[in-house]
Amino acid sequence: MNSFNPESYKKKIYKIISKYKLVQENDKIFIGLSGGKDSGCACFVLSEYIREKKLKCELVAFYIKLGDFIPERVIETIKKQTEVAQIPLKIYDIKDFGISYKKIGTLNRPICSSCGTIKRYLMNKIAREEGATKLCTGHHGDDFIVFFMKNILGKNIEWISKFTPLLEGKGKQLTRIRPLFFGNGEDNKNFCDFINFPYIQEDVCPHFFLKQKIDKRREKWYEVIREISKWQPNFREYFLEGIIEIAKILSLNQKEPLECKICGEPTNKEICSFCRLLKFHKD
Ligand code: SF4
Ligand code: ZN
């Protein structure tokens, strides 16, 4: 913490934003917040970047409330985060989309897979319908290293094509931007603490508040990355650059997404994974 330098932290993110052209004039960027440190940092640094560079583009934060079990302090924190970042906030409720999040933990599927499906679907749909040109998230480098490993283990090689700082949109799929692609959770925490930026200290995973069991292996993966970084200089940076190269090659074979026969949202199958989940959810 003592050696942490908030200016170089910011500079590093600014460099990623410029190098990968994450922000351009006339963009309308929707950024998804959870109340945690990572999305909070992405939101704060991106809004500073836009202001400092005097770019004519709009940044809007949004939050999808997954149910009444989400404590009020999460929403209060998100409101404070957007006040500090000086950007507007829109709040949506999952019940308006006909799904009960509480039921997710009781389905015979891994929680994270159902949760990811719901969040990815709603974030893209909401932001696009609100006229966004891009969708921003607070995923950081360690997240992408873990996603990469998991997809290799699960032989979902195609999915790796999505792991880049800027993922161009196709059809109804919005362009996704990840300004923290080369960052990590510890630096985000240090930055928030340094500038006194509000964030929820405990796990912001909805299942933490529901007291349902979640897959805790992600923390173990993070530990492994931290360990390797101690003895292998620039491990994270080089590994992530390697992932970007692999993603580039894989994206050459990417087809335009189809439109779901039920809801019309982008999908690579006839029926999108959200509609398949919803069916399962209603059975
Ligand atoms: Fe969802 Fe929690 Fe899994 Fe993250 S850890 S995907 S928030 S269930
Ligand atoms: Zn669908």
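Only one of these is at pLDDT 95 or above and of a type in the set (Val, Ile, Thr): Thr164, Thr117. Name it.
Thr164
Which numbered condition trips up Leu59, out of (1) more than 16 Å from ligand 1 (Cβ to nearest atom); (2) among the aliphatic types (A, V, I, L, M); (3) closer than 30 Å to Gly105 by Cβ?
So the condition that Leu59 fails would be (3).
Output the qualifying pairs, or none if there are none: Cβ atoms under 6 angstrom, residues six or more apart or on different chains, first residue in the stretch 130-145 and in contact (Cβ under 8 Å) with a residue 24 or more places away in the chain, second residue surrounded by fewer than 24 Cβ atoms within 10 Å (Cβ to Cβ) and of a type in the set (Ser, Thr, Tyr).
Lys134/Thr175; Asp142/Tyr222
Of the residues Arg73, Arg109, which is within 24 Å of His207 (Cβ to Cβ), assigned to a loop (DSSP other than H, G, I, E, B) and touching a residue at least 12 places away in the same chain (Cβ under 8 Å)?
Unique residue meeting the criteria: Arg109.
Sort out which residues of the stretch 67-110 are surrounded by fewer than 17 Cβ atoms within 10 Å (Cβ to Cβ) and of a type in the set (S, T, N, Q), and write them in order of number.
Gln86, Ser100, Thr106, Asn108
Can you tell me which residue in the stretch 117-148 is nearest to Phe97 (Cα to Cα), limited to those that are within 12 Å of the chain's Cα centre (by Cα) and surrounded by fewer than 19 Cβ atoms within 10 Å (Cβ to Cβ)?
In this case the residue turns out to be Lys119.
Output the number of the condition that Cys43 fails; it satisfies all remaining conditions of (1) closer than 19 Å to Arg178 by Cβ; (2) touching a Phe, Trp or Tyr at 6+ places or on another chain (Cβ under 9 Å).
Condition (2) is where Cys43 drops out.
Hey, among the residues in the stretch 168-177 that are in contact with an Asp or Glu (Cβ under 9 Å, 6 or more places away or on another chain) and in a loop (DSSP other than H, G, I, E, B), which one's surrounded by the most Cβ atoms within 10 Å (Cβ to Cβ)?
Ranking the candidates gives Lys172 first.
If you scan the stretch 124-149, which residues turn out to be of a type outside the set (Lys, Arg) and not in a helix (DSSP H, G or I)?
Of everything in the stretch 124-149, those that are of a type outside the set (Lys, Arg) and not in a helix (DSSP H, G or I) turn out to be Glu130, Gly131, Ala132, Thr133, Leu135, Cys136, Thr137, Gly138, His139, His140.
(1) over 28 Å from Ser251 (Cα atoms); (2) within 13 Å of ligand 1 (Cβ to nearest atom); (3) polar (S, T, N, Q): which one isn't true of Thr137, the others all being true?
The number of the failed condition is (1).
Which of the helices (runs of 4 or more DSSP H) found entirely inside the stretch 180-283 contain at least 1 residues meeting this: more than 16 Å from ligand 1 (Cβ to nearest atom), touching a residue at least 40 places away in the same chain (Cβ under 8 Å) and surrounded by 12 or more Cβ atoms within 10 Å (Cβ to Cβ)?
Passing ranges, in order: 185-195, 217-231, 235-251, 273-282.
Kindly provide the set of residues from the stretch 76-96 that are closer than 22 Å to Pro179 by Cβ and in contact (Cβ under 8 Å) with a residue 12 or more places away in the chain, ordered by number.
Across the stretch 76-96, the qualifying residues are Thr77, Ile78, Lys80, Gln81, Thr82, Val84, Ala85, Gln86, Ile87, Pro88, Leu89, Lys90.
The values are calculated or read from the model by the stated rules, or taken from the named source; none is laboratory data. If you're wondering where the values come from, they're calculated on a predicted model, not measured in any experiment. Don't worry about glycine lacking a Cβ; one is built from the backbone with ideal geometry, like all the others, and counts go over all protein chains shown.
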